[in-house]
Amino acid sequence: MSSPSPPPAHRLPPVVNSSMEPHVVPAPDGSALPPERQSALRRVRSLTTGGPLRGTATRPPRPTVQTTTSLPLPPAPTHEGLSPIAASPLSATGEHPIYIATPPLRDSATGSPVRGTTASPPSDAPATYVPPPASSSARWELPDIKDQQGRLRRNSVDAKASQERYFFIDVAETERRILEQEDTNGDFQITILDGGPKTLKLGSAESHGFNKYDLRGTYVLSNLLQELALAKDLGKQFIVLPESKLTENPVHRLSRMIATSFWAGLTRTMDRKGMHIICQDPKNRSHDQSLKIYVPYEDHVAQAYYRNVVETTAWGLQLHVLPPDISPEYVKTLDEHPGILSLALHKTYDPLARAEVWRGVPFVVPGGRFNEMYGWDSYFETLGLLVDDKVELGKHMVDNFCYQIHHYGKILNANRTYYLTRSQPPFLTDMARRVHAYQAPPHAAESNHGPIPTAPVIRDDAWLLRVLLFAIKEYYTVWMAAPRIDIATGLSAYHPTGIGMPPETEATHFLHVLAPYAHKHGVSVEEFQHMYNSRAVREPELDAYFLHDRAVRESGHDTTYRLEHRCASLLTVDLNALLHKYEADIADLVDLVGVTRPDGSKAVPVPTAWWQSSALPNLDEHADIAALCANPVADLSRDVPAHLYTPDHAHTSVPVPLRATDMLHWSSSAVWRHRAARRRATMTRLMWDEGAGEFFDWDMAANARSAYHSVTTLWALWAHVATRAQAEKMVQVALPKYEMLGGLVSGTEASRGAVSLDRPNRQWDYPFGWAPHQIMAWHGLKEYGFDEVAERLAYRWLYTITKAFVDFNGTVPEKFDVVTLNHILKVEYGNVGTDFKYVPREGFGWMNASYQVGLTYLQPGTKRKLGVVSPPDMAFRAASPTKDNNAKRAAPAPGAGMMARPAWEQPAAAPGTAAPMVEAATAAMAAITIQ
């Protein structure tokens with residue numbers, strides 16, 4: 001198999017040796033190499049020796065060789081005189097590797113050249129080291145020389161300070177040294193909480209490790225630890241690493257890691273290759289820990305495929321076929337036998353098999369214990385994928401959502417059996433529109449993380465029409481149907497249909513809730529839990545509690561005091577803003593990709609049964625109903641595109657939205673625009689508070705607005721629910737309540753109330769900030785022309801992420817305390833994305849996306865400020881939030897205002913003492929009490 005060739009000569013500066021005479025490299029037979037090969041090698045050598053360009057001043061003549069010195073042998077280079085600079089996939093930019101000219105290897109016992117090290121480098125030289133045999137006694141043989149003063153010195157010249165420096169690194173030994181010296185808390189990370197000296201000496205590659213240079217600071221040393229771990233993954237014993245990889249701008253480094261590493265680490269497929277990964281479920285607390293996959297009743301392609309997987313693997317995988325009617329009672333029986341739910345399959349060409357084979361349609365998971373495809377996470381992840389030019393993966397995510405709507409009746413909370421009865425916030429229409437409208441960004445050909453291929457532009461109108469019909473089905477049968485619809489207002493609530501306790505929660509999560517009932521029945525909490533789950537006892541109040549608890553989880557905001565004990569009774573701003581966006585999007589998409597009728601108008605064919613299953617027959621005005629009844633589809637085969645009702649089972653299990661037996665009617669954009677206007681008017685009447693300048697949830701039980709101030713009020717901007725006047729009022733009055741040092745906070749401290757041991761903090765309340773709220777606010781503000789405000793908020797959030805990345809070994813967590821910029825949180829469920837060793841592999845799904853999306857909101861000058869981790873209030877001095885919020889913020893770390901050098905280049909602490917920022921970080925953490 002051929003490998004990449006060395007870099008083309010035009011990419012390297014021309015150079016000759018110090019004597020201005022050609023440096024002849026011996027060929028295998030002892031003769032000189034061809035001139036073009038010598039030129040290439042001289043160009044490569046210039047990277048490490050810093051030799052002058054042709055025509056520049058020359059150095060003194062080359063001293064003569066006096067003696068030789070043997071050094072321990074690194075792994076043998078693949079080709080004579082060439083060792084690749086092998087950093088790691090994390091450092092890879094897609095370019096060819098750089099090869100360094102080196103002396104030949106000789107066996108110290110016989111003096112003869114080691115076999116395989118005297119051949120000249122072919123054009124397809126691979127970028128890997130080939131270790132010598134374990135019994136080899138070969139050693140590097142380097143000539144010692146005397147300079148003009150007669151002093152014995154090494155035959156090497158370090159690069160000048162203005163040129164790139166490379167380090168020659170023994171991977172295992174350097175890892176041992178850095179952990180022993182710097183990792184004082186033993187978590188296999190180098191962070192500001194470690195008390196090491198924060199300095200390490202490494203030998204330069206130019207001097208073959210003889211000349212030592214200091215690496216200083218938490219950020220640089222943590223980058224070194226990461227590169228060592230990745231080199232070890234590849235089996236490297238020695239690497240040559242450029243200093244620029246260790247001091248890389250953190251914005252560029254994190255963006256590059258997300259694009260080239262994190263997304264790949266989070267991508268899953270439901271097939272033979274990926275099943276053993278996706279079937280693992282750390283949330284499964286049942287006695288049955290066997291691997292199970294549940295396949296829809298109608299998906300015969302998947303049934304045949306997975307049956308073959310079961311029969312030809314030794315995983316112990318079990319295949320179960322779901323019944324045609326998936327009732328809440330049936331789902332309850334699966335709580336003790338949970339498993340993964342299948343997603344779409346498609347045929348792709350396998351170059352090894354030289355044929356098309358079935359593969360799972362790929363998708364992205366959030367990360368950590370969330371090892372399945374989640375509902376609203378997938379939307380935000382797709383936004384990040386599009387920024388990183390991964391449009392096909394985003395399209396596949398949409399296809400998997402269509403599969404879920406068709407076979408499971410809804411876009412699931414996630415594809416596990418215990419999620420079958422609940423959905424999550426709906427984003428499908430906007431998700432599909434963005435994928436369909438995708439265009440390669442201007443920087444795609446040359447981005448921060450190197451050259452990347454430009455993806456094809458997706459302009460598949462047939463695909464978008466199919467997705468549109470699935471979105472209409474979800475709108476009718478899920479969000480506008482019982483039990484989620486409120487007939488009195490026409491608005492919707494989160495209201496899943498599950499029974500009993502959510503089985504995926506932590507074992508102790510509900511102990512405080514169950515304890516009084518256990519005492520009432522005179523049994524232990526564990527015994528009562530079994531009695532309740534088996535329906536041996538009935539407790540209506542407990543049933544109501546778990547109804548609201550499941551609704552909180554369907555909202556995605558699990559958990560928060562905003563929704564606790566009443567979620568199923570709340571018409572929330574966020575859900576109804578999303579449904580307004582659905583109605584407006586559907587209207588636009590009908591005009592964009594709808595079927596052209598004989599009169600020239602556009603419409604889409606919709607099964608009448610979908611509309612009838614919803615509450616809309618009771619809500620639509622008589623004119624709308626008359627128009628619907630007067631527009632039946634007369635001839636399916638003549639009027640409707642065949643791809644909407646003819647499945648392609650030979651190539652994909654992605655379903656089609658219509659059946660040949662459906663009774664259809666034409667749905668025009670006018671009907672959907674009327675529905676959007678009706679919802680917007682109702683939301684304004686019930687939810688808008690002019691004095692507070694924001695929208696509030698509507699409590700159906702109290703028939704009044706909720707008093708809880710939530711940042712989801714800004715979703716009204718994203719969905720274009722607010723008028724221009726309302727938007728201005730929200731920015732002036734409401735926004736300062738939520739804008740903190742590190743971004744937007746979920747809600748106000750006053751709304752959350754006091755916390756204590758009996759009333760612990762909730763992760764979707766103050767002082768925590770989450771990626772979805774940030775992204776929705778940025779987009780909404782920009783839609784109304786508040787570009788500078790959107791940029792300021794984006795900077796705050798990206799600063800929080802970048803600071804944690806720099807200070808904590810590349811950490812990208814699930815959430816932040818945006819008041820104190822802390823991610824080490826003692827709150828329910830902890831903080832996913834922080835528990836790793838050596839190097840981050842995944843980040844966290846929507847946090848990765850928020851970083852990539854957020855960078856698109858920053859001007860070049862603002863990005864430069866972010867690159868040196870300049871605090872937000874310094875970057876935007878004239879745009880600080882309210883005085884009250886400023887008073888609550890943690891004091892900046894010592895030296896935070898020093899702009900002369902980036903934070904990671906500040907002087908290290910004295911040996912044996914903590915890093916300069918430890919005291920500040922510890923004080924900030926001690927200043928808050930998170931129950």
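The values are calculated or read from the model by the stated rules, or taken from the named source; none is laboratory data. Just so you know, these numbers come straight off a predicted model, no measurement behind them. Because the Cβ atoms are built from the backbone with ideal geometry, glycine has one as well, and the counts that use them run over all protein chains shown. Accessible surface areas use protein heavy atoms only, side chains included; no ligands, DNA or RNA. Shrake-Rupley method; radii C 1.70, N 1.55, O 1.52, S 1.80 Å.
Only lysines eight or more places from Lys332 in sequence, or on another chain, were considered; those with a Cα closer than 29 Å are Lys283, Lys292, Lys410, Lys473, Lys520. Here's the list of aspartates and glutamates a cross-link from Lys198 could span, going by alpha-carbon distance under 13 Å and ignoring same-chain residues fewer than 8 apart: Glu180, Glu182, Asp183, Asp214, Asp807, Glu905. Over 23 Å between Cα atoms, which of Lys212/Lys803; Lys232/Lys803; Lys236/Lys837; Lys245/Lys273 qualify? Pairs exceeding 23 Å: Lys212/Lys803; Lys232/Lys803; Lys245/Lys273.
Which order do the peptides 594-605, 392-403 come out in when sorted by mean C-beta neighbours inside 10 angstrom, highest first?
On the way: 594-605: 14.8, 392-403: 23.8.
Result, highest mean first: 392-403, 594-605.
Which percent of the accessible heavy-atom area of region 510-571 goes to carbon and sulfur, probe 1.4 angstrom?
Values: 1500 of 2680 Å².
With neighbouring chains kept in place, the figure for region 510-571 is 56 percent.
If R0 equals 25 Å, the separation of the Cβ atoms of Ala314 and Asp288 corresponds to a calculated FRET efficiency of about 0.85. Karplus-based coupling profile of region 322-328, in residue order and whole Hz: 6, x, x, 10, 9, 8, x, with θ = phi - 60° in 6.51 cos²θ - 1.76 cosθ + 1.60 and x standing for Gly or Pro. When the Cα convex hull of region 537-617 is projected onto planes of every orientation, the mean area is 8.3 nm².
Compute the Rg/Rh shape ratio of region 510-571: radius of gyration over Kirkwood radius, all on alpha-carbon atoms.
Values: Rg = 12.8 Å, Rh = 12.4 Å.
Reported Rg/Rh, Kirkwood definition of Rh: 1.03.
Think of a 1.4 Å ball rolled over the protein heavy atoms: region 166-248 then has 34 Å² of accessible area per residue. Rg ratio for region 464-569: its Cα radius of gyration over 2.2 N^0.38 Å, N being its residue count, equals 1.31.
Roughly how many percent of the accessible protein surface of region 721-876 is carbon and sulfur, given a 1.4 Å probe and a whole-percent answer? Display every interim value, and only then the final one.
Numbers: 2360 of 4550 Å².
C and S atoms contribute 52 percent here.
Divide the volume of the convex hull of the Cα atoms of region 721-876 by its number of residues and quote the answer in cubic angstrom per residue. Please report the intermediate quantities before stating the final value.
Numbers: hull volume 19.1 nm³, N = 156.
For region 721-876, the hull spanned by Cα atoms encloses 122 Å³ per residue.
Computed over region 266-441, the convex hull of the alpha-carbon atoms projects to a mean area of 10.7 nm². Restricting the calculation to Cα atoms, region 166-248 shows an Rg/Rh of 0.94 when the hydrodynamic-style radius is the Kirkwood one.
The convex hull around the C-alpha trace of region 793-853, projected and averaged over every direction, spans 4.2 square nanometres.
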